[in-house]
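The values are calculated or read from the model by the stated rules, or taken from the named source; none is laboratory data. Bear in mind that the values here come from a model prediction, so they are computed numbers and not experimental data. Note: ideal-geometry Cβ built from the backbone for every residue, glycine included; neighbour counts use all protein chains shown. Ligands, DNA and RNA are stripped out before the accessible areas are found, and what is left, the full protein with its side chains, is counted by its heavy atoms. Shrake-Rupley method; radii C 1.70, N 1.55, O 1.52, S 1.80 Å.
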Amino acid sequence: MTRGWTIPLLLVLALAGPAFGGWADNAWPFRRGLDVDWAGDRPAIEDLATADFYTGGHHSPSGENIRVATEEGKYVASHVLMIGPGDRMRIVFTPIRGVRRYYVYFGHAKAPPPPRGTEDVAYRCGILLNMHKLKGAMGTDFKEVEAAWERSGEPIGKMLVTHLQAGFNPFDDQSSIISRYGGSLIVLEEGKYSFAISAGDRAAFYVDGKPLLMALGQTGNARFNAGIDLKRGRHDVVLYQMSRSGDMRMNVVWKRPGATNYEQIPGEAFGVPLRATVGPMEQVGKQCIADFRIEYVGEAFFADHFAHHYRFTAQPGKVPPGAQVKYEWDFGDGQMGSGTAADHVYLTDGEYAVKLSIRAGLQSDVQSNRIAVSRLYERIDAPPEDSLANAAKIVAEYDVAAMPVRWLAWATLMQQRAKMAGPLEKVAMRLATVREGVDAGFGANTLVAAADELSREGHFDAAARILETVLTDSPFQPTVGKRFGHLLLWRIGDFARAAKVLEELGRLFPNDGALKRAYGQALVLNQNVVEGRKILESIASDAPLDRRAALIGALARTIEYHITEGDWESGEQAWEKWQLQYPADFLEGYSVVLQTRLMELAGAQQGAAKVAEAFALAAPKSSYAPQLLDRASKLLAKTDPARSNSLRNLLRQKYPEDPLSQDGRQGQ
């Protein structure tokens, strides 16, 4: 601190009293405690400590208003390694051996220059990894590698590491990178050392500023190696690694004097940096502050996508004794919460401003932190995991109306995979109303998956409500409309409604053959046989006519096999293939018999009864009409005995010669 600041600081401290006591300078409005744990057997080297913390947005974009000081207010050398993403800050500082407590100060509107000697740290402990975007060629010799570093693009990240070893990008998922590793190697034994590198895609290694070794591609062995004589003491080492393929693997090993094998260079040879524990945020002149801890709980994987579970815990400082404290959260995604701690799941990556408002008696405060939600790349080799079921339970409580549009499809898929029918219907209903902001194909397929899941669980009406909400001019059409028609025909058995829906869509998409075929089937089942027959017989087929009987027989046997196996989904796929190849075969009747059996297996017994009855009435001359009437009667025997008896009587009246009309127990 300069002399010009000393007298005003003492005056402010004297006037401020105990509330401001212990602050290095009251012009710094915010600080966090940093605790360094010293190992008793730590070797006497030049130490460094690192810390990651959130500033609540109280930092300058350049990071120049960050200082680290002891409890007594003595500044120590420090440096900002990374600013962001969001309001996260990563710093390194030079601790005083044996001193545990420090404070990182921030938020000064016009921070004075750091005291002389504290502007930056000496990187004599650990290895400084500095990663940039790679621009241009990677280079095939040392000069080209150095030139690649000089022209490299924007910084990606900085951190202190303990080994010249890597297996992944610890900052994000970028694959076109160039990294510089720099450290001070402590040599305890004089002699001949041999270094070997394995790297993908390219690496160059320097000792004491001199090029020593170049690695051209991942080898997994000690093929690229070179020897050098080293004296006792420190030796500066630098390694550049370049990658375009995404292969971030790199390893430097050594063979010490007299050794026969290569081994990993131990972290102690570079000095192992200390890690400071970060405390709550404090604000000068305030007792109660709306600070909070941010914890990444785990990632939940579903549908080739990650959702991210965070836990936020209030750290309110000194709350007035006996005061009732109220905590209100705004998670930056339209969702709100309350309580001292809150678990929250983010469904897409991005930056979110999380805000905490607290009120304790007459005191109140509001603080927010911008967090960058993504996978935890620093631990991408063994990331923390959260179960889909747990994440889905949290999302199930969300206010769907306030949910970001880009979340809706993912929220729907999450609830569909978690098999939570109520929350699934709720979020899918809103997705069904979306006109923009969601990829049309992705949104349509998601709604179909939601309806199919609800149908599998027997919630046919809920599935219908979702699909019906999608208007005919929606970007999700005709995919959703075709599925709605399928649901009405082959699950619910509402043929008049199916015909209306499919007719409207057919006018908008006149060249869609599947729509046209479904419309013809709906007309037949709705007793408009003449028009339905005309449509089905007019649909051209690419299937070979000379092999029609063989192909139909094979498809029918395939469906029969799936029925015996209880696999209605595979059976319906084969049935759809049959109808696609020979649409008019629907009028013959056996495919309808098989479809009703598939519907039974799918849990749609009432719909199967309606289909069987409707086709038997529409095509009374079909040789399968008696069988279908018999099937419908049996399906309704328990749920609608009166209707079942009526169909049995109809069977006897229309087909008195058929064995099924003689014994209600016959027929399959």
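May I ask you to order 23-29, 215-221, 481-487 by the average number of other C-beta atoms within 10 Å around their residues, highest value first?
Descending mean neighbour count gives 481-487, 23-29, 215-221.
For mean projected area of the Cα convex hull in nm², one of [x] 43.3; [y] 44.9; [z] 33.2 was computed from the structure I shared and the rest are decoys. Which label?
Here the calculated entry is [x].
Using the per-residue mean of other Cβ atoms lying within 10 Å as a proxy for protection, in what order, highest first, do the peptides 369-380, 111-122, 346-357 fall?
Put in order of decreasing packing, that is 346-357, 369-380, 111-122.
Counting heavy atoms of the protein chains only and a 1.4 Å probe, report the per residue accessible area for the chain as a whole number of Å². All intermediate terms of the calculation are to be shown ahead of the outcome.
On the way: 30460 Å² over 668 residues.
Heavy-atom accessible area per residue stands at 46 Å².
Compute the distance from the alpha-carbon center of the stretch 472-491 to that of the stretch 589-655, in whole Å.
25 Å
Could you state the angle between the C-alpha long axis of helix 460-469 and the longest principal axis of the C-alpha atoms of the chain, as a value from 0 to 90 degrees rounded to the nearest 10?
70 degrees
Per-residue ellipticity at 222 nm for the chain, helices alone: DSSP H runs ≥ 4 residues times -39500 (n - 2.57), over residue total, nearest 500 deg cm²/dmol?
It lands at -10000 deg cm²/dmol.
Just list whichever of 74/318; 286/355; 143/210; 74/158; 210/231 have alpha carbons separated by over 23 Å in the model shown. Walk me through the numbers before you get to the answer.
Values: 74/318 25 Å; 286/355 18 Å; 143/210 12 Å; 74/158 26 Å; 210/231 15 Å.
Correct reply: 74/318; 74/158.
I'd like the orientation of helix 495-508 relative to the chain: the angle between its Cα long axis and the longest Cα principal axis, in ° from 0 to 90, rounded to 10.
60 degrees
Could you go through the stretch 201-209 in sequence order and give the Karplus-derived ³J(HN,Hα) for each residue, using 6.51 cos²θ - 1.76 cosθ + 1.60 with θ = phi - 60°, rounded to whole Hz, and x for Gly and Pro?
Per residue, the Karplus-derived 3J(HN,Hα) values read 9, 8, 8, 9, 10, 10, 10, 6, x Hz.
What FRET efficiency comes out for the pair residue 137/residue 457, r = Cβ-Cβ distance, R0 = 56 Å, nearest 0.05?
0.50
Mind ranking 570-579, 48-57, 198-207 by how tightly packed they are, going by the mean number of other C-beta atoms within 10 angstrom, highest first?
Ranking the peptides 570-579, 48-57, 198-207 by packing returns 198-207, 48-57, 570-579.
To the nearest 10 degrees, how steep is helix 405-418 against the longest Cα principal axis of the chain, on a 0 to 90 scale?
Result, in degrees: 70.
Take the solvent-accessible surface of the protein heavy atoms, probe 1.4 Å, and return the percent of it on the stretch 594-666 that carbon and sulfur atoms account for.
Taking all protein chains in place, the stretch 594-666 shows 49 percent carbon and sulfur surface.
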